[in-house]
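The values are calculated or read from the model by the stated rules, or taken from the named source; none is laboratory data. If you're wondering where the values come from, they're calculated on a predicted model, not measured in any experiment. Here the Cβ positions follow ideal geometry from the backbone for every residue, glycine too, while neighbour counts run over all protein chains shown. Surface areas here come from the heavy atoms of the whole protein model, side chains and all, with no ligands, DNA or RNA. Shrake-Rupley method; radii C 1.70, N 1.55, O 1.52, S 1.80 Å.
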Amino acid sequence: MIVLKTERELSIMREACRISAQALNLVGNAVEPGITTGELDEIAEKFIRSKGAVPNFKNYEGYPATACISINNEVIHGIPSKKRKICAGDIVSVDLGAKFEGYHGDNAATFACGDVSPEAKRLMDVTKQSLYEGIAAARSGGRIGDIGYAVQKYVEDRGFSVVRDFVGHGIGTEMHEPPEVPNFGTPGRGIRLLPGMTIAIEPMVNAGKHGVSVQPDGWTVLTRDGSLSAHFEHTVVITREGAKILTQE
Ligand code: MF3
Ligand code: CO
């Protein structure tokens, strides 16, 4: 069931989302050559707990950490480790969230470590902008397919591809609520968007083909063709005046 949130619920969600955004920004600023993904995870967890919130990924279906940190050809769900050092030239996708007073925030961004290749830079720029295209298409009275279409068109017109096997989602008292929010689709199709709906829009974009595979660790998702991948995500609320981003500082 899709739950429309009241103003009271939205004000709590805003706080959960603000904490999530601050944690993401903190981690992004800490990305530098030599730091491990485990250290980045620790920064995120300490910050979220210091705000009286809890890292909502931790123990979610057995996930062992606060953040998912996925490097280069890793798409999503990379497990942080004190053994994994980030190198200059890497692109680092960080996905994390916080639960505060019963409500969830969820956001992601891809950060450059030092100077990255022109292709990597373009992939990051296109993925980020595709998220904003999706947000702009998330209008009250519109449909879920409008969002996916906007993301997909923006991405594919620029020669990249959107991942099909993982999608965005409703969010609220659960991290994953209905509806699914695919990053591909047909305008006018799917459920209707209504004021008070809170959704996480999260394009995952591959420089090569859209296919992905899961590593033997059961979590880390890789591009099948070894190409680079980027990921940006915001939690937003649908209003009569369009979708408003909740995951901001
Ligand atoms: N929050 C991620 C998403 O964007 C899901 C992470 S799965 C977890 O939907 F197990 F790591 F939490
Ligand atoms: Co999400």
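Of all residues in the range 201-228, which are open to solvent by less than 10 Å² (accessible area, probe 1.4 Å) and within 14 Å of ligand 1 (Cβ to nearest atom)?
Those that are open to solvent by less than 10 Å² (accessible area, probe 1.4 Å) and within 14 Å of ligand 1 (Cβ to nearest atom): I201, P203, M204, T220, V221.
Go through the range 45-61 and count every residue that is in contact with a helix residue (DSSP H, G or I) (Cβ under 6 Å, 6 or more places away or on another chain) and more than 22 Å from G218 (Cα to Cα).
4
What number of residues within the range 37-79 satisfy the criterion of being part of a strand (DSSP E or B) and either touching a Ser or Thr at 6+ places or on another chain (Cβ under 7 Å) or open to solvent by 60 Å² or more (accessible area, probe 1.4 Å) (or both)?
Quick first cut of the range 37-79, residues part of a strand (DSSP E or B) only: 54-55, 67-71, 74-76.
From what is left, the residues that are either touching a Ser or Thr at 6+ places or on another chain (Cβ under 7 Å) or open to solvent by 60 Å² or more (accessible area, probe 1.4 Å) (or both) are 54-55, 69-70, 74-76.
Residues that pass the stated criteria total 7.
Please work out which residue is nearest to ligand 2 (Cβ to nearest atom), limiting yourself to the range 123-132 and to residues that are surrounded by 21 or more Cβ atoms within 10 Å (Cβ to Cβ) and closer than 21 Å to G170 by Cα.
Among them, the one singled out is L131.
Which residues, counting only those in the range 101-122, are more than 16 Å from ligand 2 (Cβ to nearest atom) and under 19 Å from C68 (Cα atoms)?
F111, A112, C113
Quick test of your reading of the structure: K209 fulfils all but one of (1) over 16 Å from D106 (Cα atoms); (2) in a helix (DSSP H, G or I); (3) touching an Asp or Glu at 6+ places or on another chain (Cβ under 9 Å). Name the failing condition by number.
(2)
Look through the range 176-200, keep the residues that are buried (at least 19 other Cβ atoms within 10 Å of the Cβ) and aliphatic (A, V, I, L, M), and return whichever of them is nearest to ligand 1 (Cβ to nearest atom).
So, considering only residues that are buried (at least 19 other Cβ atoms within 10 Å of the Cβ) and aliphatic (A, V, I, L, M), the one nearest to ligand 1 (Cβ to nearest atom) is A200.
Outside any loop (DSSP other than H, G, I, E, B), surrounded by 17 or more Cβ atoms within 10 Å (Cβ to Cβ), within 15 Å of the chain's Cα centre (by Cα) and among the acidic types (D, E), is that true of D95?
Values: outside any loop (DSSP other than H, G, I, E, B): yes; surrounded by 17 or more Cβ atoms within 10 Å (Cβ to Cβ): yes; within 15 Å of the chain's Cα centre (by Cα): yes; among the acidic types (D, E): yes.
When the stated conditions are applied, D95 passes them.
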